[in-house]
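Readers should treat all values here as calculations from the given coordinates under stated rules, not as data from a laboratory. Only a predicted model underlies this, so the values are computations on that prediction, with no experimental measurement involved. Positions of Cβ are backbone-derived with ideal geometry, glycine not excepted, and every protein chain shown enters the neighbour counts.
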Amino acid sequence: MIFGAPGSGKGTQSEKLVAKYALQHVSTGEILRDEIEANTELGKLAGTYMSKGELVPDRIVIDMLDSLIEKKRHVKGFIFDGFPRTVTQGEALSKMLSKHDEDVNAVISLEVDDGELVDRLLKRGQISGRSDDNRETIEARLKVYYNQTSPLKEFYRAQGILKEIDGVGTVDEIFQTIANEIDQLIK
Ligand code: AP5
């Protein structure tokens, strides 16, 4: 699992991890943005939360993930990016994986200070125009991260699988640190 605040580099590092380890990338944010783009019922509902920087309700996201894991159950492994985001989602993920005698192997948490997060997201907002990359929504997303998502760090620390990594530096330097952690795990 790749974990961290909005803008910490989860998506960027996931791409490199997929290339190196041939894992299946699962980004709930991307899946939900695709649903919005396709104007589905799920997309319409999710969009009302995402545009405010709030989390889409647990039940919706958990059901979405459950069917995805079933569909992709023959892959070598997953990189979960942006899921889980609440302790309820974390507990549900363990249950889903235990049906296949699996569990989360490692949680890589990218640690980046708020100033840098806001700078990165504002910059992306200017270039890509992602609709939640404006100052007001970024601040709401950060609050949601600290209130609802960061408690998961204790959840995974207690399981002994949390790896906190400095997420400030070049993309390649950060990737090298993550790859070292994963290589040790594979050994
Ligand atoms: P999601 O799409 O998951 O967005 P996020 O968590 O806000 O994360 P971002 O994609 O903004 O950042 P990132 O950490 O992936 O960083 P990135 O690599 O892109 O979720 C969006 C919304 O969907 C949520 O707010 C919620 O409403 C909903 N949602 C999603 N999952 C949900 C769930 N499980 N439950 C409920 N609701 C859910 O990098 C960011 C920028 O920084 C890029 O421009 C990048 O080029 C740059 N960058 C990356 N690394 C570096 C570096 N080392 N130095 C400088 N710049 C860098």
* If contacts are Cα pairs under 8 angstrom and at least 6 residues apart, what is the relative contact order of the stretch 2-167 in percent? -> 34 percent
* To do: Could you please report the charge total around Val171, scoring K, R as +1 and D, E as -1 over all other residues with beta-carbon less than 10 angstrom from its beta-carbon?
  => -2
* Any idea how far the Cα center of the stretch 129-169 sits from the one of the stretch 1-66, in Å? -> 14 Å
* Structure fact -> A student applying the Cα gyration tensor rule (rounded when a/c is under 1.5; otherwise prolate if a/b is larger than b/c, oblate if not) would label the stretch 29-187 oblate
* **Local net charge near Thr137, Cβ-Cβ under 10 Å (Lys/Arg +1, Asp/Glu -1)** => -1
* Asked: With charges set only on the Cβ (+1 for Lys and Arg, -1 for Asp and Glu), what does the dipole of the chain come to about its Cα centre, in debye to the nearest 20?
  -> 300 debye
* **Cα lying deepest toward the dipole's positive end in the stretch 16-86, options Leu17, Thr48, Ile69, charges on Cβ** => Leu17
* Local charge sum around Pro84 (other residues, Cβ-Cβ under 14 Å, Lys/Arg +1, Asp/Glu -1)? -> -2
